[in-house]
1. Just give me the residues in region 163-181 being assigned to a helix (DSSP H, G or I), in contact (Cβ under 8 Å) with a residue 40 or more places away in the chain and under 16 Å from the mean Cα position of the chain (by Cα), in sequence order.
2. Filter region 134-164 down to the residues that are closer than 19 Å to R101 by Cβ and charged (D, E, K, R), then identify the one that is surrounded by the most Cβ atoms within 10 Å (Cβ to Cβ).
3. Against the condition under 21 Å from the mean Cα position of the chain (by Cα), surrounded by 14 or more Cβ atoms within 10 Å (Cβ to Cβ) and modelled with pLDDT under 95, how does A51 come out, does it pass?
4. Condition first: in contact (Cβ under 8 Å) with a residue 60 or more places away in the chain, under 16 Å from F11 (Cβ atoms) and buried (at least 20 other Cβ atoms within 10 Å of the Cβ). Now tell me which residues in region 188-203 satisfy that.
5. Take region 11-62 and flag every residue that is of a type in the set (D, E) and touching a Lys or Arg at 6+ places or on another chain (Cβ under 8 Å).
6. So, in region 54-92, of the ones that are at pLDDT 95 or above and among the small types (G, A, S), which residue ends up nearest to the chain's Cα centre (by Cα)?
7. Restricting to helices (runs of 4 or more DSSP H) lying wholly in region 42-139: which have 2 or more residues that are within 30 Å of G216 (Cα to Cα) and not small (G, A, S)?
8. Within region 13-48, count every residue that is among the aliphatic types (A, V, I, L, M) and crowded, with 20+ Cβ neighbours inside 10 Å.
Amino acid sequence: MNERSCVIFDFGGVITASPFEAFRAMEEERGLPRDLVRRINATNPDTNAWARFERGEIDEDRFDELFGDEARALGHELPGRDVLARLAGDLRPRMVTALDRLTDRGYRLGCITNNMPSGHGAQMSRSTEAADAIADVMKRFGHVVESSRAGVRKPDPRVYEMACAALGVEPGTCVYLDDLGINCKPAAALGMVAIKVTGEEQALADLETALDLAEGTLAAS
């Protein structure tokens, strides 16, 4: 019998399209190097503007200023506010359907999201309508850990431990999905089955495998 009884999801890049798709479009539009945003965020990853904003240590104005400074240090002009405007991705309907199908089968659901105190709601939506749609999906989780509220962010192992404690589960009973490999590693080290998400179809297929569910159980239309 499969011992996995809980599934914990990242949100951006898993339940919604990856924000990095929007960042790449912005970079192309402005003639900036591909993956410049990733490069900026990979520089001093625990203390840069992005990390501090995700822990709720600075406000949006300060992020705008500090991120712009970090971009200029690499020889480019890119205000932090312009990045925030591209942050919220569109919901993936098949992933939302999968949440409901998992709930129907008795799985506990959780969410760990690195977010910022910006925009509307947990996923930093740029409109109240989008925030309402996200909030409706968030209701499906038994518990949500938001980095900007918790003061700690992935890949800090404490985030995963906090989620498990709130859900009343052991890490060894969990499957974890995230679009960033660096965030999957701590989950796996704690004993979770970690799935690196590269797309919607792949995520659902790998999740079915991890839970010993028949092909199409979660992904069928």
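The values are calculated or read from the model by the stated rules, or taken from the named source; none is laboratory data. These numbers were taken from a predicted model, which means no experiment stands behind them. Note that we place each Cβ from the backbone using ideal geometry, even for glycine, and neighbour counts take in every protein chain shown.
1. A163
2. Only one residue fits best here, namely R140.
3. no
4. V197, A203 - these are the residues of region 188-203 that are in contact (Cβ under 8 Å) with a residue 60 or more places away in the chain, under 16 Å from F11 (Cβ atoms) and buried (at least 20 other Cβ atoms within 10 Å of the Cβ).
5. Within region 11-62, E27, E28, D35, E54, E60 meet the criteria.
6. Step by step, filter region 54-92, then rank; the result is G80.
7. 93-104, 128-138
8. Result for region 13-48: 5.
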